[in-house]
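Enquirer: Quick one: structure below, then a few questions.
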Ligand code: SAH
């Protein structure tokens, strides 16, 4: 037996490609994201009462991870990409049914050219992700203070992000078109979005895209703040080297 579902909407997020997407919801909160309703679900009544909730559950299709040959064990990035766990013990997009689940902050509801939009914050969704369902987050049932986090007990470590002399004016120019762009780049890159299996990452040049921008970056060193260390001490960071428009 199989069951057929249709998308009730499509996500619009700053993430046009896989590498820029945060690995879980809520890790980046400077995104301008929304879900636009479509088809039979694009109606005002379907949303009535939703504005009284601060957060929603979003059920979606990992439409860019649709592979026939899913495997029962996967290598989560949190384990460095070399240790395996069962796919049901992971949040990997490659699953028997490629269905994703994210809890997201609800920022507001609007209508744009006849389409209802649910504005969200903290998306870990590819731009264009098909949405299957939306449900309110119920704190009394869904927030569990005694829960255990398996191999992922705390949010991943973040690195500071700096902008090179070339990138800084490019950022200021682009920031007119994209709200909170500086913070978005800091939030996304601080999580080191390169593949976990790169062993020579200190030497590499990386590139990710956000909205319609191409962001080039590399690992670097920065002088530590006066309050945290002796003058002249350095700490690892990420340096943005160039920001250009995607053609
Ligand atoms: N919170 C969700 C997703 C966790 S995995 C869940 O637990 O089900 C997050 C990763 O999913 C992102 O880093 C990105 O690589 C991937 N992803 C997001 N949207 C996707 C899509 N539409 N198709 C394929 N992969 C996607």
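Only the coordinates and a few stated rules stand behind these numbers; no lab work does. Please read all numbers here as calculations on a predicted model, not as lab measurements. With ideal geometry, Cβ positions are generated from the backbone for all residues, glycine too; neighbour counts draw on all protein chains shown.
Enquirer: In deg cm²/dmol and to the nearest 500, what is the mean residue ellipticity at 222 nm of the chain if only DSSP H runs of at least 4 residues count, each as -39500 (n - 2.57), divided by the residue total? Don't jump to the answer; show the numbers that get you there.
Expert: Working: 3 runs with 22 residues, N = 247.
It lands at -2500 deg cm²/dmol.
Enquirer: Sticking with this structure for a sec: Mind checking which of 141, 175, 233 has the largest fluctuation in a GNM of the chain, springs on alpha carbons under 10 Å?
Expert: Result: 141 has the largest fluctuation of those listed.
Enquirer: I'd like the per residue volume of the convex hull spanned by the Cα atoms of the stretch 142-245, given in cubic angstrom. Write down the numbers at each step before the final one.
Expert: On the way: hull volume 18.7 nm³, N = 104.
Hull volume over Cα atoms, normalised by residue count, gives 180 Å³.
Enquirer: How far apart, in nanometres, would the label points at residue 64 and residue 38 be if each is projected 7 angstrom from Cα along the Cα-to-Cβ direction?
Expert: 1.6
Enquirer: P(r) for the stretch 1-128, please, calculated from all Cα pair distances in 10 Å bins and given in %.
Expert: 12, 39, 33, 14, 2
Enquirer: Any idea what the relative contact order of the stretch 135-247 is, in percent, if you count C-alpha pairs under 8 Å spaced at least 6 apart?
Expert: Relative contact order here is 29 percent.
Enquirer: Sort 15, 219, 140 by Cβ crowding within 10 Å, fewest neighbours at the top.
Expert: 140, 219, 15
Enquirer: Let me ask you something else. Give me the angle, in degrees from 0 to 90, between the Cα long axis of helix 181-190 and the longest principal axis of the Cα atoms of the chain, rounded to the nearest 10.
Expert: That helix lies at roughly 80 degrees to the long axis.
Enquirer: After finding the eigenvalues of the alpha carbon gyration tensor for the stretch 99-171, what semi-axes result from the square roots of 5 times each, listed largest first in whole Å?
Expert: 29, 25, 12
Enquirer: What does the convex hull of the Cα atoms of the chain come to per residue, in Å³, rounded to a whole number? Write down the numbers at each step before the final one.
Expert: Details: hull volume 46.1 nm³, N = 247.
Per-residue hull volume (Cα only) is 186 Å³.
Enquirer: Can you give the convex hull volume of the alpha carbon atoms of the stretch 50-183 per residue, in Å³?
Expert: Convex hull volume per residue, Cα atoms: 183 Å³.
Enquirer: I've got another one for you. Rounded to the nearest 0.05, what FRET efficiency is calculated for residue 179 and residue 201 with R0 set to 25 Å and r the Cβ-Cβ distance?
Expert: Once the sixth-power term is evaluated, E becomes 0.25.
Enquirer: Based only on other Cβ atoms within 10 Å, what is the fewest-to-most ordering of 137, 34?
Expert: Fewest to most other Cβ atoms nearby, the residues stand as 137, 34.
Enquirer: Treat the count of other C-beta atoms within 10 Å as a stand-in for reagent exposure and order 43, 23 from fewest to most.
Expert: The most exposed by this proxy come first: 43, 23.
Enquirer: Given the options 41, 155, 11, state which has the largest fluctuation in a GNM of the chain using a 10 Å cut-off (strictly under) for Cα springs.
Expert: Most flexible of the set in this elastic network: 155.
Enquirer: Right, next: What distance in nm separates the two pseudo spin-label positions at residue 6 and residue 221, each 7 Å out from Cα along the beta-carbon direction?
Expert: 6.0
Enquirer: May I pose another question? Using 7 Å Cα-to-Cβ label points, what is the residue 153/residue 165 separation (nm, one decimal)?
Expert: 4.6
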